[in-house]
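Here is the structure we will look at.
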Amino acid sequence: MPQEDTSIRVFRWVSILEALSFLVLLFIAMPLKYIWEMPEYVRIVGMAHGILFILYLLGAYWMYEKLGWSVKVLLIVFLSSILPFGPFVVEKKYLP
């Protein structure tokens with residue numbers, strides 16, 4: 001089995017972490033804020049998610065250039081970043 005390219009591996013990890021941070025934000029931090037009045041978790045997880053979100057978008061553009069994705073695929077990858085499980089689908093469907 002050939003060794004996976006480092007840039008693809010990095011994007012794969014960013015994709016997974018971005019998706020997980022979004023799920024934690026939606027299903028743990030937000031309920032803590034709005035149900036139990038503990039807003040500090042949204043600030044912490046939200047900041048981490050924001051950084052990972054930006055890294056994901058930059059990485060998607062990097063993969064667009066590296067893997068020769070079409071503009072349509074790039075837009076799908078960008079749009080998947082706002083769906084809770086979207087980056088998991090991208091990672092399985094569009095990465096080698």
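Taking every residue in segment 17-37 that is under 20 Å from residue 59 (Cα atoms) and among the aromatic types (Phe, Trp, Tyr) and pairing it with any residue that is at pLDDT 95 or above and assigned to a helix (DSSP H, G or I), at least 6 positions away or on another chain, the pairs with Cβ-Cβ distances below 9 Å are 22/49; 22/52; 22/53; 22/86; 22/87. Within this structure, residue 72 passes the test of being of a type outside the set (Ser, Thr, Tyr), closer than 28 Å to residue 6 by Cβ and either at pLDDT 95 or above or surrounded by 15 or more Cβ atoms within 10 Å (Cβ to Cβ) (or both).
Scanning for something without any contact (Cβ under 8 Å) to a residue 40 or more places away in the chain and either under 12 Å from residue 94 (Cα atoms) or assigned to a loop (DSSP other than H, G, I, E, B) (or both), does segment 50-64 turn up at least one residue? The answer is yes, given that some residue of segment 50-64 is without any contact (Cβ under 8 Å) to a residue 40 or more places away in the chain and either under 12 Å from residue 94 (Cα atoms) or assigned to a loop (DSSP other than H, G, I, E, B) (or both).
Among the residues of segment 30-69, those identified as among the aliphatic types (A, V, I, L, M) and either modelled with pLDDT under 95 or in contact with a helix residue (DSSP H, G or I) (Cβ under 7 Å, 6 or more places away or on another chain) (or both) are 30, 32, 38, 42, 45, 48, 52, 55, 57, 60, 63.
Taking each residue of segment 78-89 that is exposed (fewer than 15 other Cβ atoms within 10 Å of the Cβ) and looking for partners that are in a helix (DSSP H, G or I) and not aliphatic (A, V, I, L, M) with beta-carbon atoms closer than 7 Å, six or more apart or interchain, yields 84/22. Being surrounded by 13 or more Cβ atoms within 10 Å (Cβ to Cβ) and modelled with pLDDT of 95 or more narrows it down to one residue among 27, 11; which is it? Only one candidate passes the filter, namely 11. Taking segment 32-49 as the search range and keeping residues that are assigned to a helix (DSSP H, G or I) and among the β-branched types (Val, Ile, Thr), which one is surrounded by the most Cβ atoms within 10 Å (Cβ to Cβ)? Residue satisfying both the conditions and the ranking: 45.
The values are calculated or read from the model by the stated rules, or taken from the named source; none is laboratory data. What you see is a predicted model; the values in this text were computed from it and never measured. Cβ: placed from backbone, ideal geometry, glycine included. Neighbour counts: every protein chain shown.
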